[in-house]
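Here, each number is a calculation from the coordinates, and none is a lab measurement. Everything numeric here is computed off the predicted structure, so don't read it as measured data. Glycine also receives a Cβ, built like all others from the backbone with ideal geometry; neighbour counts cover every protein chain displayed.
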Amino acid sequence: MQAPLKQHWENIYQTKQPNEVSWTEEVPTVSLGFIHQFNLPKDAKIIDIGGGDSKLVDHLLAEGYSNVSVLDISAAAIERAKKRLGEKATTVKWFETDILEFKPNDTYDLWHDRAAFHFQTEPDKIDGYLNLVKDAVTGKIIVGTFSVDGPKKCSGLEIKQYDEVGMKDKFEHASFKNIECKREDHITPSGAVQNFVFCSFEKSSC
């Protein structure tokens, strides 16, 4: 029997098309902008957390990145992404798991998370996520969440909103130094506006 959270996301991806969910974006402009600033080598180990059927992986592969992983709780989301990518899907490492149950065998040069972290609403789960990042990342991270001016729920689930100060506080306590934070108004397929805060960090040397 599936856990309720996994069942929730499987149902979403089995019953809704990309144009029917709020998070769809044809080009992940903000995420790619951060990534381009880092000038990562093409063999950098990159993981997209909660990637679902996001097209970030498409763009990374098209730009020549050769060591890309995607994690999502939903098998249906991963299968949708694999089908879209075709043969290119075989070059990606896929992880079907809840992020808090992820036990990585690798460390990562870049950890990208657009709207997975904000589903951690309880202190112990937030701490669990931050401890995972602290252990799994040797380089940089990009995290996007709903801002304090954004929605309070996503897909019927409660989320935790953040502002720039709140994001910095969480990740700096996990041994990461802030590089930049910026806001983005994401326009959903239905035309609604959702305000995000994106922050980038790098692993602190001390």
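Name the single residue that is nearest to the chain's Cα centre (by Cα) among those in segment 131-168 being of a type in the set (D, E, K, R) and farther than 24 Å from I35 by Cβ.
K160
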Selection within segment 47-66 - in contact with a helix residue (DSSP H, G or I) (Cβ under 8 Å, 6 or more places away or on another chain), surrounded by fewer than 24 Cβ atoms within 10 Å (Cβ to Cβ) and of a type in the set (G, A, S): G50, S54, S66
Sole exception among (1) crowded, with 17+ Cβ neighbours inside 10 Å; (2) in contact (Cβ under 8 Å) with a residue 40 or more places away in the chain; (3) not in a loop (DSSP other than H, G, I, E, B) for A174, by number: (3)
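Are any residues in segment 85-135 polar (S, T, N, Q) and either assigned to a loop (DSSP other than H, G, I, E, B) or in contact (Cβ under 8 Å) with a residue 60 or more places away in the chain (or both), and if so, which ones? Break it down stepwise before answering.
As a first pass, look at segment 85-135 and keep what is polar (S, T, N, Q): 90-91, 97, 105, 107, 120-121, 131.
Answer for segment 85-135, where residues must be polar (S, T, N, Q) and either assigned to a loop (DSSP other than H, G, I, E, B) or in contact (Cβ under 8 Å) with a residue 60 or more places away in the chain (or both): T97, N105, T107, Q120, T121.
Check segment 147-162 and report whether any residue there is assigned to a loop (DSSP other than H, G, I, E, B), of a type in the set (V, I, T) and on the phi < 0 side of the Ramachandran plot.
Within segment 147-162 (the criterion being assigned to a loop (DSSP other than H, G, I, E, B), of a type in the set (V, I, T) and on the phi < 0 side of the Ramachandran plot), the answer is yes, since at least one residue qualifies.
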